[in-house]
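Some notes on the structure that comes next.
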Amino acid sequence: MTKTRSLLTLSISVFAIAALPVAAQAATADTSGACGQFRVMHNDHISGVSFPAGPYNMVNSGMSCSQTTKYFQKFLEAGKVSKGWQVRNLSGNRKRFTKLGTKPTVDFQATPGSDPGPTPSNLVCPGTFRVLHNDRIGAMQLPAGSYTIKLASHNTPGLNCATASHDFAYFLNNDWAGNLPRPWKMNVSAKSFYMNNTPSDGFSVKRVGS
């Protein structure tokens with residue numbers, strides 16, 4: 001059974017254009033440029049290259065942001081790159097993935113980033129995340145419209161507004177049956193997503209417009 005992907009856009013007033021989350025980039029089918037941030041949940045390795053837990057700024061060339069996200073996720077889960085790919089360390093803690101034998105070169109780069117987020121007194125992320133079509137994640141119904149994203153706390157390493165929007169987009173695009181990737185779980189009635197059975201380590205969404 002297949003599911004038509006929802007088109008997603010994200011409008012965040014305080015983020016620089018170069019740091020737009022993957023959700024916004026995927027909607028425009030860009031083939032190069034900045035893809036926002038991707039969060040590595042635990043200290044990890046890919047083909048011997050270290051990826052400490054935390055957010056990574058993603059930049060690609062010759063591929064879409066949605067493809068970049070899928071490849072990075074796949075390599076992290078496998079612990080190695082696929083045949084025909086290479087990963088290596090660059091200066092400034094940058095990690096570059098290159099598809100060998102491509103001209104022009106198809107590659108993407110992951111660089112450790114900072115944790116932008118809401119002010120300490122307000123856990124609601126600036127801007128809104130827009131779901132363009134009626135959608136669902138398992139039993140959680142998500143009608144088309146604009147949604148705010150609210151962090152559960154400021155104390156979850158690597159989780160910020162950019163990575164929460166990325167995770168929400170990933171769940172919508174890949175987990176319509178409700179089978180979230182470990183260690184994520186969800187509370188359907190609260191429209192929240194959390195990790196490791198800890199409700200304070202996550203975020204919630206709220207529809208604010210049609």
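The values are calculated or read from the model by the stated rules, or taken from the named source; none is laboratory data. All values reported here derive from a predicted model rather than from experimental measurement. Neighbour counts are summed over all protein chains in view; Cβ atoms, including those assigned to glycine, are modelled from backbone coordinates with ideal geometry.
If a residue has to be at pLDDT below 80, more than 14 Å from the chain's Cα centre (by Cα) and among the polar types (S, T, N, Q) to count, how many in region 30-63 make the cut?
Number of matching residues: 2.
Please specify each residue of region 194-210 satisfying the condition of being of a type outside the set (Val, Ile, Thr), within 20 Å of residue 135 (Cα to Cα) and either at pLDDT below 85 or in contact with a helix residue (DSSP H, G or I) (Cβ under 7 Å, 6 or more places away or on another chain) (or both).
203, 209, 210
Please enumerate the residues belonging to region 64-92 that are polar (S, T, N, Q) and modelled with pLDDT under 90. Before you say what the answer is, go through the steps one by one.
Of region 64-92, the ones polar (S, T, N, Q) are 64, 66-69, 73, 82, 86, 89, 91.
Across region 64-92, the qualifying residues are 64, 66, 67, 68, 69, 73, 91.
Report whether or not residue 181 is at pLDDT 80 or above and farther than 29 Å from residue 93 by Cβ.
Working: at pLDDT 80 or above: yes; farther than 29 Å from residue 93 by Cβ: no.
So residue 181 does not fit the description; no.
Taking the condition touching a residue at least 24 places away in the same chain (Cβ under 8 Å) and in contact with an Asp or Glu (Cβ under 6 Å, 6 or more places away or on another chain), does residue 76 pass?
Values: touching a residue at least 24 places away in the same chain (Cβ under 8 Å): yes; in contact with an Asp or Glu (Cβ under 6 Å, 6 or more places away or on another chain): yes.
The answer is yes for residue 76.
How many of the residues in region 152-171 are surrounded by fewer than 24 Cβ atoms within 10 Å (Cβ to Cβ), of a type in the set (Gly, Ala, Ser) and modelled with pLDDT under 85?
So the count comes out to 1.
Would you confirm whether or not region 135-151 contains a residue that is outside any strand (DSSP E or B), surrounded by 14 or more Cβ atoms within 10 Å (Cβ to Cβ) and not small (Gly, Ala, Ser)? Break it down into steps so the answer makes sense when it comes.
Our first condition is that a residue be outside any strand (DSSP E or B); within region 135-151, this holds for 138-139, 143-144.
Among the residues that remain, those that are also surrounded by 14 or more Cβ atoms within 10 Å (Cβ to Cβ) are: 138, 144.
Subset that is not small (Gly, Ala, Ser): none.
No, there is no match, as no residue in region 135-151 is outside any strand (DSSP E or B), surrounded by 14 or more Cβ atoms within 10 Å (Cβ to Cβ) and not small (Gly, Ala, Ser).
So which residues in region 63-101 are aliphatic (A, V, I, L, M) and farther than 19 Å from residue 35 by Cβ? Working first, answer last.
In the first step, residues of region 63-101 are kept if they are aliphatic (A, V, I, L, M); the result is 63, 76, 78, 81, 87, 90, 100.
78, 100 - these are the residues of region 63-101 that are aliphatic (A, V, I, L, M) and farther than 19 Å from residue 35 by Cβ.
Give me the residue from region 191-201 that is surrounded by 15 or more Cβ atoms within 10 Å (Cβ to Cβ) and either acidic (Asp, Glu) or in contact with a Ser or Thr (Cβ under 6 Å, 6 or more places away or on another chain) (or both) and, out of that set, farthest from residue 171 (Cα to Cα). Break it down stepwise before answering.
Filtering region 191-201 for residues surrounded by 15 or more Cβ atoms within 10 Å (Cβ to Cβ) gives 191-195, 199, 201.
From the residues that got through so far, the ones that are either acidic (Asp, Glu) or in contact with a Ser or Thr (Cβ under 6 Å, 6 or more places away or on another chain) (or both) too are 191-192, 201.
On the way: 191: 12, 192: 12, 201: 16 Å.
Looking at the filtered set, the residue picked out is 201.
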